[in-house]
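The values are calculated or read from the model by the stated rules, or taken from the named source; none is laboratory data. The structure presented is a predicted model; accordingly, all values stated were derived computationally and were not measured. Positions of Cβ are generated from backbone atoms using ideal geometry, with glycine treated the same way; all protein chains shown enter the neighbour counts. Surface accessibility is based on the protein's heavy atoms, side chains included, excluding ligands, DNA and RNA. Shrake-Rupley method; radii C 1.70, N 1.55, O 1.52, S 1.80 Å.
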Amino acid sequence: MEIDENVIEATGVRRSYAGGFEAVRGISFSVARGELFALLGTNGAGKTSTVELLEGLARPSGGKVRLFGRDPYGERAAVRPRIGIMLQEGGFPSELTVTETLRMWAGCTSRARPAEEALELVSLTRRAGVRVKQLSGGERRRLDLALALLGRPDVLFLDEPTTGMDAEGRRDTWRLVRELQDRGTTVVLTTHYLEEAGELADRLAIMREGRIVVSGTPAEVTAARPSRIRFDLPDGLDPRRLPLAPVVTGRRVEIRTERLQDSLIELLLWAREQDLELAGLDARAASLEEAFLEISRSPEPRPETVEAGVV
């Protein structure tokens, strides 16, 4: 995948609602062509409010949004044919078949690909004649994705794309998204599946209370958090004898460290010298889920950037 010029730019963006509530509080980021950018955060963090500004569904209260160098709200007629949007719920007429739904939507779509081609992309060909009301939750999400891809979008917005899908459907969707990226499609993803963000995102931003508090690659975001070593405390051992400072909960010991390999070697050499077995030993770097939870639970949102050039 080749990434070059930015196709999305947000600069000092704010969004306020009636009553003075500010859902987005001066955020800035950019997304390059062919890149997958994940926007993460708990409910109420400002993700949806931000994405709606990118999609041109509302005008920012402050700051500037540009897609392809254009204002997606003020120049919607020029921008809309180049984007695809997969909503959390499509709200299709339940009595139409899958093919009928696609053909109806294609009539309102520029550069629409054939319905059969869209169905093949999302592995729904076998369900082409089935009424929407008879689809499973995962199949409806595939139909949502097929509609978002009808217009061959240059930028694709995915809102919780794999909710309700089984493991196979989720992996198939991930494969399709990667293929779209390889062809140059830019993707903006919102998801509550942290594994999904870690698997797909080139870069991500975590929002809290309307601000971006952390941004960078998944590896950069997790590397900024300590690794951990866990094991069962050997019988009769005073935790104060351990060579590294532990946190003990019942019989379970946890050691947090910025130097996972060095700390693990030190602990294992000490255990061998003491002729001790560390049952249930588990050592791993911080996961994206752990980083997300730590950020979400922090008492005060503090802007933190782990990637140069992003505010």
Among residues of the stretch 112-151, those that are more than 19 Å from Arg175 (Cα to Cα), among the basic types (Lys, Arg) and either surrounded by 14 or more Cβ atoms within 10 Å (Cβ to Cβ) or in contact with a helix residue (DSSP H, G or I) (Cβ under 7 Å, 6 or more places away or on another chain) (or both), counted: 3
Filtered residue count, the stretch 205-228, keeping only those that are under 11 Å from Leu288 (Cβ atoms) and touching a Leu at 6+ places or on another chain (Cβ under 6 Å): 3
Odd one out for Ala77 among (1) over 27 Å from the mean Cα position of the chain (by Cα); (2) part of a strand (DSSP E or B): (2)
Selection count, the stretch 231-252, where residues are open to solvent by 50 Å² or more (accessible area, probe 1.4 Å) and not small (Gly, Ala, Ser): 10
Single residue of the stretch 33-51 satisfying the filter (open to solvent by 10 Å² or more (accessible area, probe 1.4 Å) and farther than 26 Å from Glu290 by Cβ) that is nearest to the chain's Cα centre (by Cα): Ser49
Qualifying residue in the stretch 278-288 (condition: of a type in the set (S, T, N, Q) and in contact with a Lys or Arg (Cβ under 6 Å, 6 or more places away or on another chain)): no
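Here is a yes/no grid of residues against (1) surrounded by fewer than 17 Cβ atoms within 10 Å (Cβ to Cβ); (2) at pLDDT 95 or above:
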{"residue": "Thr11", "(1), (2)": "yes, yes"}
{"residue": "Leu53", "(1), (2)": "no, yes"}
{"residue": "Gly56", "(1), (2)": "no, yes"}
{"residue": "Arg59", "(1), (2)": "yes, yes"}
{"residue": "Leu67", "(1), (2)": "no, yes"}
{"residue": "Val79", "(1), (2)": "no, yes"}
{"residue": "Ile83", "(1), (2)": "no, yes"}
{"residue": "Thr101", "(1), (2)": "no, no"}
{"residue": "Trp105", "(1), (2)": "no, no"}
Phe68 vs. criteria touching a residue at least 40 places away in the same chain (Cβ under 8 Å) and at positive phi: yes
Residue list for the stretch 182-232, restricted to those being more than 23 Å from Glu258 (Cβ to Cβ) and part of a loop (DSSP other than H, G, I, E, B): Arg183, Gly184, Thr185, Thr191, His192, Tyr193, Ala201, Asp202, Glu209, Gly210
Set Ala286, Ala271: member being open to solvent by less than 40 Å² (accessible area, probe 1.4 Å), over 32 Å from the mean Cα position of the chain (by Cα) and not charged (D, E, K, R): Ala271
